[in-house]
Amino acid sequence: MRDLRTAARSAADLAAEHLTGVAGGPVRRPVSEADRAWLTRQPLPRDGRPLADLLDEVRDRMLPYPMGNGHPRFFGWVNSPPSPAGVLVAPLAAAMNPSCAGGDHAGVLLERTAVRWLAELVGFPHRPGAGLLTSGASMATVTALATARQRAFRDQGHDVRETGLYGHRPMALYASAEAHSCLRKAAELLGLGTRYLRTVPVDPSCRMDTGGLRRLIEADRRAGIRPFLVAASAGTVNTGAVDPLDDIAGIAREHGLWFHIDGAYGALGVLADDAAPAYAGMERADSLALDPHKWLGVPVDAGCVLFREPAGPRDAFSLVPPYLRDEDAGELGWFSEYGPEQTRPFRALRVWATIAHLGRAGIVRLVRHTTGLARTLAGMIEDADDFELLAPVVTSITAFRHRPPGLGAEGAEALNEALPAAVQRRGHAFLTGTRISGAAALRACVLHPETTPEDLPVLLDEIRAAAREITS
Ligand SMILES: *Cc1c(COP(=O)(O)O)cnc(C)c1O
């Protein structure tokens, strides 16, 4: 252990130096051929080495090549820098190394608080046991959809865990054209069939068109297909749009559908005063997926699924028969009775530390700061004659196109398709692209607490410079 103590001090220094040095370096650096070969083709060592030697290789061969999301000018996808509090406690979670499947120890007890805090932060009603941490929103979505599936079959007098889907009438679920692919993955995995995953059209603000939702539900009913779930987005990946949650909740209630919300990225946006009204109805969901490893900055991995009722997920996942419950596991039982994972890491420590360090006020500041920057960027885009804004900014994502004067529609399409990679290659900012209404688009997602207004013109100038490289 003396070996560990010395090496751990060096590791702490390395981590701190890495984090303080990130902003001064390039957002991303290409992996050298020698390091690529080392990273991918090392032979299995016959003999071990001292701990300190391992750190040399982490320092020389790994730390120089991060994904880029620690940098204040990383605007790609939905990836945040790690919270310092999360980095601080991650090695301690490893040192304790519990399995949070269940039992009576700090890991599972703290998870109760972490989940309740997340619910309180986003204003979701919480009952003990009604939620758990997951690897991410993808697994949160699987957990939610499996629970909804179980309930839908129960309502018809079947136990789908026993019969599978064999011999049952198809059930339809509904998500907008802007919904995240994790919904499709979950639907496929649960045997629901993408054929019955209906794509609801969106309005010009990229929000679910509730008239379209109604029409699809009614058409399914007429065709003898049973509608069972609607999944809304609270913050889409493309534009940060928040679906009309209150209206969708009403439709779900009217038709007896499970109401799921994907708030993986955007649920926290409810903390920004000007965005909050868009979230009305979020508290009406049956299940809400949100990712502490997105906006909140908890180091990967930390997802969460919240439920209105704790009985639902337990009914869908528990293998402990009711007559054996309440014994020594306590009233709520094990976390492994509420989701697919058995051995579960001590994610709660990173979530707890991040929230405890920032406090609610600090999280509100982070959300306001980043949504404010996304709005500022949108304003700059509207004022520029070579950019066009593609969607209103609700959360902290700005979706836009570069359109140098004189460039035709076809040229703009090719240019915007090529731009993200070209901007990334230059290394001064990191941007990713998408398609909006069928056309190539750029999107900037602001999640870094240290991104400043001065970084925004740098981003636009980097896009212009990359465009000149492409067209010349
Ligand atoms: C990131 C994200 C997901 C997927 O979550 P993972 O944590 O990557 O599994 C789903 N939906 C939205 C809106 C996201 O931003």
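In terms of modelled amide H atoms, which long-range or inter-chain residues lie less than 5 Å from the amide H of residue 200?
Close amide H contacts, sequence-distant or interchain: 175, 176, 177.
Using the Kirkwood radius over C-alpha pairs as Rh, can you work out the diffusion coefficient of the chain via Stokes-Einstein at 10 °C, viscosity 1.306 mPa s, in µm² per second?
67 µm²/s
When you count, for each residue, the other Cβ atoms within 10 Å and take the mean per peptide, how do 418-427, 340-349, 285-294 rank with the highest first? Each step should come with its number before you reach the end.
Numbers: 418-427: 18.7, 340-349: 20.5, 285-294: 28.3.
Order by mean packing, descending: 285-294, 340-349, 418-427.
Add +1 for every Lys or Arg and -1 for every Asp or Glu among the other residues with Cβ under 15 Å from the Cβ of residue 174, and state the total. List each step's numbers first, then the result.
Numbers: positive: 149, 184, 195, 198, 207, 214, 215, 221, 226, 253; negative: 178, 209, 218, 220, 243, 247, 254, 262, 286.
With Lys, Arg at +1 and Asp, Glu at -1, the net is +1.
How would 174, 323 line up from fewest to most surrounding beta-carbon atoms within 10 angstrom?
Working: 174 28, 323 7.
Sorted ascending by nearby Cβ count, the order is 323, 174.
Taking the simple approach of a point 7 Å from Cα along Cα-to-Cβ for both residue 214 and residue 273, what is their distance in nm?
Taking the simple label geometry, residue 214 and residue 273 are separated by 3.5 nm.
DSSP beta bridges in the chain, what fraction antiparallel, as a percent rounded to 5? The partial results should precede the final answer.
On the way: 22 of 41 bridges.
Bridges in the chain are about 55 percent antiparallel.
Considering only DSSP beta bridges where both residues belong to segment 92-355, give the percentage that are antiparallel (nearest 5).
Working: 10 of 28 bridges.
Taking every DSSP beta bridge with both residues in segment 92-355, the antiparallel ones total about 35 percent.
From the phi angles alone, apply the Karplus equation (6.51, -1.76, 1.60; θ = phi - 60°) to segment 164-178 and give each ³J(HN,Hα) in whole Hz, x where the residue is Gly or Pro.
x, 8, 4, x, 9, 5, x, 10, 10, 10, 10, 8, 7, 4, 9
What FRET efficiency comes out for residue 106 versus residue 127 if R0 is 22 angstrom and r is the Cβ-Cβ distance? Round to the nearest 0.05. Mind dumping the intermediate values first?
On the way: r = 22 Å, r/R0 = 1.01.
It comes to 0.50.
Want the number for residue 325 to residue 437: 0.36 nm per residue separation, take away the alpha-carbon distance, what's left?
Values: separation 112, 0.36 × 112 = 40.32 nm, distance 5.10 nm.
Stretched out fully, the residue 325 to residue 437 stretch lengthens by 35.2 nm.
Picking from 43, 22, 77, whose Cα lies most toward the positive end of the charge dipole for segment 18-89 (charges on Cβ: Lys, Arg +1; Asp, Glu -1)?
With unit charges placed on the Cβ atoms, the residue in question is 77.
Read phi for every residue in segment 146-152 and hand back ³J(HN,Hα) as whole Hz from Karplus 6.51 cos²θ - 1.76 cosθ + 1.60, θ = phi - 60°, with x for Gly and Pro.
5, 5, 5, 5, 4, 5, 4
Taking K and R as +1 and D and E as -1, what net charge do the other residues with C-beta under 11 Å from the C-beta of residue 131 add up to? Display every interim value, and only then the final one.
Values: positive: 112, 116, 127, 308; negative: 111, 309.
Residues near residue 131 contribute +2 overall.
Can you tell me how much longer the chain between residue 199 and residue 52 gets when fully stretched, taken as 0.36 nm per residue apart minus their C-alpha distance, in nm with one decimal? Don't jump to the answer; show the numbers that get you there.
Details: separation 147, 0.36 × 147 = 52.92 nm, distance 5.34 nm.
Contour length minus the Cα-Cα distance gives 47.6 nm.
Could you give the nm distance between label points at residue 181 and residue 5, where each point is 7 Å from its Cα heading toward the beta carbon?
It works out to 4.9 nm between the two label points.
Return the long-range amide H neighbours of residue 233 (sequence gap of 5 or more, or a different chain), with a cut-off of under 5 Å between placed amide H atoms.
Here the answer is 243, 262, since their amide H atoms fall under 5 Å of that of residue 233.
Okay, helix-only estimate at 222 nm for the chain: each DSSP H run of n ≥ 4 adds -39500 (n - 2.57), divide by all residues, round to 500 deg cm²/dmol; what do you get?
Details: 14 runs with 201 residues, N = 472.
Per the formula, -14000 deg cm²/dmol.
Could you tell me which residue out of 113, 156, 124 lies farthest along the dipole of the chain toward its positive end? Charges go on the beta carbon: Lys and Arg +1, Asp and Glu -1, centred on the Cα centre.
Positive-most Cα among the choices belongs to 156.
With labels modelled as points extended 7 Å from the Cα through the Cβ direction, what inter-label distance (nm, one decimal) is found for residue 452 paired with residue 368?
Placing both labels 7 Å along Cα→Cβ, they lie 2.0 nm apart.
Summing +1 for each Lys or Arg and -1 for each Asp or Glu, what net charge is found among the other residues whose Cβ lies under 13 Å from the Cβ of residue 384?
Details: positive: 401, 403, 464; negative: 382, 383, 385, 386, 388, 461.
In short, -3.
The numbers here are math on the coordinates, done by the rules we state, and not lab data. Computed from a predicted structure; not experimentally measured. Cβ atoms come from the backbone with ideal geometry, glycine included; neighbour counts cover every protein chain shown.
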